[in-house]
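The values are calculated or read from the model by the stated rules, or taken from the named source; none is laboratory data. Values in this document were obtained by computation on a predicted structure and should not be read as measured data. Note: ideal-geometry Cβ built from the backbone for every residue, glycine included; neighbour counts use all protein chains shown.
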Amino acid sequence: MAKITTSAQSSGAPFHVACIMDGNGRWAQMRGRPRLVGHHMGAKRVREIVQRCPDAGVTHLTLFAFSTENWKRTQTEVAGLMRLFRRYIINEAKGLKNAGVRVRFIGDRIRLEDSLVKMMDDLEMLTADNSSVHLTIALNYGGRDEVTRAARRLAYEIEQGELTHKDVDAETLARFLDTRFLPDPDLVIRTSGEARISNFLLWQSAYAEYEFIDTLWPDFSADEFQRIVESYGSRERRFGGVTA
């Protein structure tokens, strides 16, 4: 991956884009191939999208890689996805470091194998000083699960006397979320023609703009990504208010 240099943010461009990378399995099945082939093709798209972020004026990119509900898939597919995540880290770590991309993971790591968690930790440390693009990968992530875990940690601090119930507001709870280091997403893109959010960034996306597109993720090009980002500039975000 080539060195990424951050350009001035385009007028009206979203600061933070989140993507629900849907359609990998269907892409493969439409071609008579195993579903995992689609996941491998989808992983290749990630590199292109990350590289395009600076030109599109995007400084933060969050990708939904594996949900808390995805464990319901076949053992073969889940095991294949876990191998793919390992391969991605091994193959991309050096390039991400050299390109100035900072990588973080969100989600519950308890169910993940220790060897994968170690690789995730190592990649986070390797890229910790980077700032050109902030890439966040949601792995074993679910919005309801995240809020539940945040509420549990908040309740514990109240039990310990570090907070009182009067201290609890939206800002306080947000400090316990996995995404406490991120700005809220401005734009959420879902590929594959499905028009649902699938338990992704429920709290954070309260005022995000959504773009549901028919393109399957393995066919989702960097050019299409940039076109969607640029079209975002024509939207009027009022956050519950009205314009004068």
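Does at least one position in the range 15-25 carry a residue that is among the charged types (D, E, K, R), touching a Phe, Trp or Tyr at 6+ places or on another chain (Cβ under 7 Å) and under 11 Å from L216 (Cβ atoms)? Break it down stepwise before answering.
Kept after step one, since they are among the charged types (D, E, K, R), are these residues of the range 15-25: 22.
From what is left, the residues that are touching a Phe, Trp or Tyr at 6+ places or on another chain (Cβ under 7 Å) are 22.
Pick out the ones that are also under 11 Å from L216 (Cβ atoms) and you get 22.
Checked the range 15-25: at least one residue is among the charged types (D, E, K, R), touching a Phe, Trp or Tyr at 6+ places or on another chain (Cβ under 7 Å) and under 11 Å from L216 (Cβ atoms).
Among the residues of the range 152-174, count how many are of a type outside the set (D, E, K, R) and assigned to a helix (DSSP H, G or I).
First, the residues of the range 152-174 that are of a type outside the set (D, E, K, R): 154-156, 158, 160-161, 163-165, 168, 170, 172-174.
Among the residues that remain, those that are also assigned to a helix (DSSP H, G or I) are: 154-156, 158, 165, 170, 172-174.
So the answer is 9.
Collect the residues in the range 29-43 that are under 22 Å from I89 (Cβ atoms) and either of a type in the set (G, A, S) or touching a residue at least 12 places away in the same chain (Cβ under 8 Å) (or both), keeping them in residue-number order.
R35, L36, G38, H39, H40, M41, G42, A43
Restricting the first residue to the range 216-236 and requiring it to be more than 20 Å from E194 (Cβ to Cβ) and surrounded by 16 or more Cβ atoms within 10 Å (Cβ to Cβ), which pairs with a second residue that is aromatic (F, W, Y) and modelled with pLDDT under 95 meet a Cβ separation below 8 Å and a spacing of at least six or different chains?
Close Cβ pairs (under 8 Å, with a partner that is aromatic (F, W, Y) and modelled with pLDDT under 95) do not exist here.
If I ask for residues that are in contact with a Leu (Cβ under 6 Å, 6 or more places away or on another chain) and either among the aliphatic types (A, V, I, L, M) or farther than 22 Å from A18 by Cα (or both), which ones from the range 90-139 would you list?
A93, V101, V103, L135, I137
For V103, state whether it is outside any strand (DSSP E or B) and either of a type outside the set (K, R) or in contact (Cβ under 8 Å) with a residue 40 or more places away in the chain (or both).
Values: outside any strand (DSSP E or B): no; either of a type outside the set (K, R) or in contact (Cβ under 8 Å) with a residue 40 or more places away in the chain (or both): yes.
Against the criterion (outside any strand (DSSP E or B) and either of a type outside the set (K, R) or in contact (Cβ under 8 Å) with a residue 40 or more places away in the chain (or both)), V103 does not qualify.
Applying the selection to the range 178-193, what residues are within 12 Å of the chain's Cα centre (by Cα), part of a loop (DSSP other than H, G, I, E, B) and among the hydrophobic types (A, V, I, L, M, F, W, C)? Write out each step before concluding.
As a first pass, look at the range 178-193 and keep what is within 12 Å of the chain's Cα centre (by Cα): 178-179, 182, 184-185, 187-190.
From what is left, the residues that are part of a loop (DSSP other than H, G, I, E, B) are 178-179, 182, 184-185.
The answer is L182, and nothing else.
Just checking, how many residues over the range 194-220 are within 17 Å of the chain's Cα centre (by Cα), modelled with pLDDT of 95 or more and of a type in the set (S, T, Y)?
Counting residues in the range 194-220 that are within 17 Å of the chain's Cα centre (by Cα), modelled with pLDDT of 95 or more and of a type in the set (S, T, Y) gives 3.
Got a number for residues in the range 119-131 being surrounded by 12 or more Cβ atoms within 10 Å (Cβ to Cβ) and either touching a His at 6+ places or on another chain (Cβ under 6 Å) or part of a helix (DSSP H, G or I) (or both)?
Qualifying residue count, the range 119-131: 7.
Can you find a residue that is among the hydroxyl-bearing types (S, T, Y), within 30 Å of E230 (Cα to Cα), surrounded by fewer than 20 Cβ atoms within 10 Å (Cβ to Cβ) and at pLDDT 95 or above anywhere in the range 68-76?
Of the residues in the range 68-76, the ones among the hydroxyl-bearing types (S, T, Y) are 68, 74, 76.
Going one step further and asking which of them are within 30 Å of E230 (Cα to Cα), we end up with none.
No, the range 68-76 contains no residue that is among the hydroxyl-bearing types (S, T, Y), within 30 Å of E230 (Cα to Cα), surrounded by fewer than 20 Cβ atoms within 10 Å (Cβ to Cβ) and at pLDDT 95 or above.
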